[in-house]
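Below you'll find the structure, written out as C-alpha cells, and then a few comments.
The values are calculated or read from the model by the stated rules, or taken from the named source; none is laboratory data. This structure is a prediction, so every number in the text was calculated from the model and none was measured. Positions of Cβ are generated from backbone atoms using ideal geometry, with glycine treated the same way; all protein chains shown enter the neighbour counts.
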Amino acid sequence: MRILCLRSGHDASATILNDGKIEYYFKEERYSRIKKDDGIKNIIKILIDNYHLFGTINFFKFDLNKHIADEYHEDLKILRALLYGSKKINYNTYQHHLYHASNSFYNSGFKKALVFVADATGAPISNDKEDILESESLYIAEYPCSFKPILKNYWTVLELKNKKIEKIIGDCVYNIFSITNYITIGNLYNSAALASGGTVNDCGKAMGLSSYGESLNKSFDLLGIDGRKLIMDYFSEEINLVDYLEFRTERSYTPNITKSNHKKISDYCHEVQTQTTEYVCKIVGDAIKKTNIKNVCLSGGYSMNIVTNYELVKRYPDVEFYFEPLCDDSGLSVGSSMYFYRRITKDETILRIKDTFNHGFKHDVSEYTSGQIAKPKDIAQLLFENKSIGVYGGMSESGQRALGNRSILFNALNPNAKDIVNSIKKREWYRPFAAIVLKEDATNYFDDIVDNEYMTVCFPVKTDLIPGVTHVDKTCRVQTVSGGHLYDILKEFKKLSGHGILLNTSLNLSGQPLVETPEQAFDTLNNSFLDCLWFYQTNQLFKSTF
C-alpha cells in the first residue's frame, strides 16, 4: 500500500510511504533554496514530472493550509489523475503533535513508549478555537496506532481569568496558558533566538551562545506566572528588541554580538537553556515514574536541543531514549503518513529507522570527471594537512544534521578549527561544530557516551586533544560511526594522527538549506573558502577556484 502525504507550512515536505517504509521524501527548501520554505510549488512539480516512478498511490493525504490547497487546486487534480489508483483523499491539518509523535515512535523500534513532543506552535485545540495552540504533549504510544495523551499543554494570546486553565479529563491533564503571562518552552527559546539577532528558526544559534553565559538571579523564573514581564524588564534598555518581542515592529533586532559584548545576551540564552532543560527533565521524569515505562521518544522542534537530550540520558541511565533526527516540522509528512498507514492496516510490524539518507533522488555524478582520483586514504591525508573537504554522494540527509552524504570535514585536532570552518560557512564566531568518531574509540574522547549515529546528543569532552570540536562548555555534539565511507576516512586519519575523530558539519553556507544537487555543491565550493569537494562514489576530488 502506498500513501502520499503532502504538507504545507514551514518546512513543507512530501512523503510517499510504501507498506510502512519511506519510499520517497521531498522537502521544498532543497529545491527553492529558501530555508524553511512553507510552499509546495517545487514538490508538486517534482511529483507531477516523475509520477511514472511512484507506482499506484492508494491514498492521498493532504495536510495543507486552505490558501495553499486553493492555490494549487488544479495541480492537485492533475497529480491525482496521474497517480490513478487513488481510492481516497483525506484533508487534515489539526494533528500536529500527533504526527510528530508518530514519526518518532514508529522510527524508534519500541513496541510501547512514552512520547514527548514540544515546539513553539502546534495545532489548535479545536476547529472553533484556533487561537489556543499546542505547546507540549505527552503520549503513551502502542502498536498499531494508539497514542493516548496524558499531558496536553496549550498557549493562547487571550487573557485568562486565572492566567491559566487546568482540567483533568480521564487520564490526561490539560493546561491552557495565557502567553501574556506564562511563556511556553518553545516560545521562550524563540525569544532567545530573536534576542541573539536571528529569527525563530535560529534556536540553534541561541543554544550555541548559551554556553558563553552564566546563571542569573535564582528568582528569574522565566517559565513562571510573570515570565513575559521578566523578559521585557531584562531587556528594557534594548527598546528595539522589546518592540520586536512585543510585535510592535516587524524590523528584526540585529545586534553585533562580539567576544567582548555578548554577556547580557549569552546570560539570557544560558538561563533559557537551563530552565527549559529542567522543565523537560521534570515532565519526562515524572511520567517515567508514574507509568514505569522505560522507553522514551522525543520529537517536535525543541527535541533538536542536544543539551537537554544529554541531560535526559544522564539523569535517567536505566531509560532507553530515542531522539527523532527529523523532529522539526520537516518530519510531519512522514509522521502523518505513518500514522495513517497504521490506522488503516493495523499493521504491527516494527520498522526501526535505518538511516536518514532518503531525501529526493540519487543524483548522477558520473559526468564530473575533470577532478583527480582520491580515495579515503588521500582524503585523510588532506585532512591531516588541515584542508577542508566537502563530501558529496548518494541521497541527501532528510534532516538538518549532515551525516556523511552532504558534509564538510576538517581536522578536529586543529585548535583553530572552529574559526576556520565558521569562516568557510560564513557563520557567527560562537557557533560550535560536531564531531564524527569511530564508534569503538568514542570513549577515548567523551564521557557518558552512548551510540549516537544521528548526532542528536552532545556529550562531555574528557580530553584536550580535540579543541576543534570542543565547545566553550567542554561538550561536543557527536556522531558515532561504524561503517561506510566516513568510517574508512576515520580509520585512515587515525593511521596518520593516532585519532579516529574529525569535525563534521553540513555542506551549505549560513542561511542556506543543505546542498541537494552536484551543481549546488560546486556553488558552495566556489563561493567560499572551502578547499576541496569530493564525490565519494566516484572518488573524484575537485579543488576550489575561489
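Taking Glu278, is it among the charged types (D, E, K, R), surrounded by fewer than 23 Cβ atoms within 10 Å (Cβ to Cβ), at pLDDT below 95 and assigned by TED's automatic domain parsing to the domain that holds Tyr139? No, not satisfied. For the stretch 323-341, state whether one or more residues are surrounded by fewer than 21 Cβ atoms within 10 Å (Cβ to Cβ), in a helix (DSSP H, G or I) and not hydrophobic (A, V, I, L, M, F, W, C). So far as the stretch 323-341 goes, no, none of its residues is surrounded by fewer than 21 Cβ atoms within 10 Å (Cβ to Cβ), in a helix (DSSP H, G or I) and not hydrophobic (A, V, I, L, M, F, W, C). In the stretch 179-201, is there at least one residue being out of contact with any helix residue (DSSP H, G or I) (no Cβ under 7 Å at 6 or more places or on another chain), in a strand (DSSP E or B), among the hydroxyl-bearing types (Ser, Thr, Tyr) and in the same structural domain as Thr254 (by TED's automatic domain parsing)? No, the stretch 179-201 contains no residue that is out of contact with any helix residue (DSSP H, G or I) (no Cβ under 7 Å at 6 or more places or on another chain), in a strand (DSSP E or B), among the hydroxyl-bearing types (Ser, Thr, Tyr) and in the same structural domain as Thr254 (by TED's automatic domain parsing). Looking across Ile344, Ile353, one residue alone is within 21 Å of the chain's Cα centre (by Cα) and either at pLDDT 95 or above or outside any loop (DSSP other than H, G, I, E, B) (or both). It is Ile353.
Picking from residues in the stretch 189-216 that are surrounded by fewer than 17 Cβ atoms within 10 Å (Cβ to Cβ) and polar (S, T, N, Q), the one that is nearest to His270 (Cα to Cα) is Ser215.
Among the hydrophobic types (A, V, I, L, M, F, W, C), over 20 Å from Ala123 (Cβ atoms) and in a strand (DSSP E or B): which single residue out of Ile168, Ile176 fits that description?
Values: Ile176 fails: over 20 Å from Ala123 (Cβ atoms).
Answer to the selection: Ile168.
What about Asn386, is it under 28 Å from Gln95 (Cα atoms), modelled with pLDDT of 95 or more and among the polar types (S, T, N, Q)? Spelling it out, it is not the case that Asn386 is under 28 Å from Gln95 (Cα atoms), modelled with pLDDT of 95 or more and among the polar types (S, T, N, Q). The single condition among (1) out of contact with any Pro (no Cβ under 7 Å at 6 or more places or on another chain); (2) in a loop (DSSP other than H, G, I, E, B) that Asp441 does not meet is (2).
Inclusion of Ile265 among residues that are in a helix (DSSP H, G or I), in contact with a Leu (Cβ under 8 Å, 6 or more places away or on another chain) and over 28 Å from Ile353 (Cβ atoms) is warranted.
Check the stretch 481-496 and report whether any residue there is surrounded by 23 or more Cβ atoms within 10 Å (Cβ to Cβ) and not hydrophobic (A, V, I, L, M, F, W, C). Looking for residues that are surrounded by 23 or more Cβ atoms within 10 Å (Cβ to Cβ) and not hydrophobic (A, V, I, L, M, F, W, C), one finds none in the stretch 481-496, hence no.
Scanning the stretch 311-343 for residues that are touching a Leu at 6+ places or on another chain (Cβ under 9 Å) and not hydrophobic (A, V, I, L, M, F, W, C) gives Tyr322, Glu324, Pro325, Ser333, Gly335, Ser336, Ser337, Tyr339, Tyr341.
Among the residues of the stretch 155-185, those identified as in contact with an Asp or Glu (Cβ under 8 Å, 6 or more places away or on another chain) and buried (at least 23 other Cβ atoms within 10 Å of the Cβ) are Thr184, Ile185.
Please find, within the stretch 217-249, the residue that is surrounded by the most Cβ atoms within 10 Å (Cβ to Cβ) out of those that are part of a loop (DSSP other than H, G, I, E, B), modelled with pLDDT under 90 and hydroxyl-bearing (Ser, Thr, Tyr).
The residue in question is Thr249.
Among residues of the stretch 518-538 that are among the acidic types (Asp, Glu), those with a beta-carbon under 8 Å from a residue that is in a helix (DSSP H, G or I) at least six positions away or on a different chain give the pairs Asp531/Leu382. In the set (1) crowded, with 20+ Cβ neighbours inside 10 Å; (2) at pLDDT 95 or above, Lys289 fails one condition alone, (1).
Within the stretch 103-146, the set of residues being touching a residue at least 60 places away in the same chain (Cβ under 8 Å), hydrophobic (A, V, I, L, M, F, W, C) and not in a strand (DSSP E or B) comprises Phe105, Phe110, Ala120, Cys145.
Yes/no per residue for (1) surrounded by 18 or more Cβ atoms within 10 Å (Cβ to Cβ); (2) touching a Ser or Thr at 6+ places or on another chain (Cβ under 8 Å); (3) at pLDDT 95 or above:
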| residue | (1), (2), (3) |
| --- | --- |
| Tyr25 | yes, yes, yes |
| Glu29 | yes, no, yes |
| Asp49 | no, no, yes |
| His52 | no, no, no |
| Lys61 | yes, yes, no |
| Glu71 | no, no, no |
| Tyr91 | no, no, no |
| Tyr99 | yes, yes, yes |
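Take Ser252 and decide whether it is in contact with a Phe, Trp or Tyr (Cβ under 7 Å, 6 or more places away or on another chain), assigned to a loop (DSSP other than H, G, I, E, B) and more than 27 Å from Lys163 (Cα to Cα). Answer is yes for this residue.
May I ask you to list the residues in the stretch 31-47 that are in a helix (DSSP H, G or I) and surrounded by fewer than 23 Cβ atoms within 10 Å (Cβ to Cβ)? Show your work before the answer.
Taking the stretch 31-47 as the starting set, the residues that turn out to be in a helix (DSSP H, G or I) are 31-32, 41-47.
Selection gives Tyr31, Ser32, Lys41, Asn42, Ile44, Lys45, Ile46.
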